[in-house]
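Structure record follows, encoded as structure tokens.
Values quoted throughout were computed directly from the atomic coordinates according to the rules given, and no laboratory measurement underlies them. Treat the numbers as computed from the prediction; the structure is a model and nothing was measured. Cβ placement follows ideal geometry from the backbone for every residue including glycine, while neighbour counts extend to all protein chains displayed.
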Amino acid sequence: MNLKHLGNQKLLSDTLDLSKQESKITAQLLWHIREIEDRKLYFECGYNSIFDYLVKGLKYAHGSAYRRLQAARLLRFVPEVAEKIESGSLNLTTAAFTQNLMMVHEKYEGRLSREQKAQIIEKIENKSSCTVEQVLAKELPQATLQLEQKKKESIKQLTENKTLLTLVVDRETAELLNRAEEILSNACSGKGEVLKRILHEFVARKDPLKQKSVAQSAAATAPAGRQNLKVSIKRIIFQRDQAKCQHRDPKTGNICGSRSYLNIDHIIPVAKGGSNHPDNLRVLCRAHNVLAAEVIFGRDHMARFKMAREE
Ligand SMILES: [Zn+2]
């Protein structure tokens, strides 16, 4: 695009128009993100979270995805935020930061009402980022303190083999670490070595990829039917699937690949005659496990099942 021929006034007025269009599109985008999150459509497209969808599917950088997602979540309670973003009286960074603080507040100090949230938003409209931080620190002091502490956590690579790790932990964690240091005082020197020893032991016990390999023949003799899965079969499936969610989006072929919240899933459920044979088993993350069950049993049935389990 060559703009050299434009006069100065025209260049400035065109830029202003584009900026207004950008704000309008951003507000519309937030509504769309909110709706996709409500419908959990990202599961069906092979992503394990809405954030994953924004980063991998829509190619946003992590920070950009995070700001859009948090601002979209704020719309759920304070819909007028969309108009404020469109008019420019609130920007994405401020909206995301506020939503983050409100979430931390609600985690530790209970729910904020819609009215309380709307009042906080009103107080930060048309304010500089510095003033916004001051207002929010006054409105949500505990949450601000929590985030300040979290900011102090950092990982800094010092040399190829040395990393400076700064953590904020509660008193119980500090006491546990001190006690572990005492117990391992003959074997380890310093908290770094103590942590390494403990983490080695934890991973050796819990990481499905590290557990002792079992002969495939065990799989061939796996019992069919309704018996609980043997630990040996679980290990085989985790190793075969590389301890990653195997959900594949039928349209794009994307594999979820999540390494968190993993379960063994029966492709044909036991309730419908599926067996414990490895061919009928796969690793799925929790989100895709739920989706698979909803596809087979229906969303309403699974919602009732979940409610009954929680009662
Ligand atoms: Zn998944």
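Placing a label point 7 Å from the Cα of GLN142 along the Cα-to-Cβ direction, the residues of the range 69-103 with a backbone N closer than 20 Å are 98-103.
Return the calculated 222 nm mean residue ellipticity for the chain, to the nearest 500 deg cm²/dmol, obtained by summing -39500 (n - 2.57) across DSSP H runs with n ≥ 4 and dividing by the residue count.
Value at 222 nm, helices only: -18000 deg cm²/dmol.
Here the Gaussian network model covers the chain, with springs between Cα atoms less than 10 Å apart; of ASN161, ASN254, ASN178, ASN161 fluctuates the most. With the simple model of a label 7 Å out from the Cα in the direction of the Cβ, ASN2 to GLU181 spans 6.8 nm.
Report the calculated FRET efficiency for LYS150 and ARG111 (r = Cβ-Cβ distance, R0 = 25 Å), to the nearest 0.05. Spell out each step's value before the answer.
Details: r = 21 Å, r/R0 = 0.86.
Between LYS150 and ARG111 the formula returns 0.70.
Extension gain, VAL231 to LYS123: 0.36 nm times the residue separation minus the Cα-Cα distance gives 33.3 nm. Given R0 = 41 Å, the distance between the Cβ atoms of GLN134 and ARG240 translates into a calculated FRET efficiency of 0.15.
The GluC sites (Glu not before Pro) of the range 155-208 that meet both conditions, a loop assignment by DSSP and at most 15 other Cβ atoms within 10 Å of the site Cβ, are GLU160. Taking the Cα centre of each part, how many Å lie between the range 52-87 and the range 235-311? Here the two parts' Cα centres lie 29 Å apart. Taking the chain as a Gaussian network of alpha-carbon nodes connected by springs under 10 Å, the highest mean-square fluctuation of the residues LEU209, LEU199, LEU158 belongs to LEU158.
State the volume of the convex hull built on the alpha-carbon positions of the range 1-153, expressed per residue in Å³ and rounded to an integer. Walk me through the numbers on the way to the answer.
Working: hull volume 23.4 nm³, N = 153.
Dividing the Cα hull volume of the range 1-153 by its residues yields 153 Å³.
Subtracting the Cα-Cα distance from 0.36 nm times the residue separation, let me have the gained length for GLU35 to ASN161 in nm, one decimal. Don't skip to the end; give the middle numbers.
Details: separation 126, 0.36 × 126 = 45.36 nm, distance 4.51 nm.
Using 0.36 nm per residue and subtracting the Cα-Cα distance, I get 40.9 nm.
Model label sites at ALA303 and ARG205, defined 7 Å from Cα along the beta-carbon direction, differ in position by 4.0 nm. Using equal-weight Cα scatterers in the Debye expression, the normalised intensity of the chain in log10 at q = 0.10 Å⁻¹ is -0.88. Of the peptides 65-78, 114-127, 277-290, the ranking by mean beta-carbon count within 10 Å, highest at the top, reads 65-78, 277-290, 114-127.
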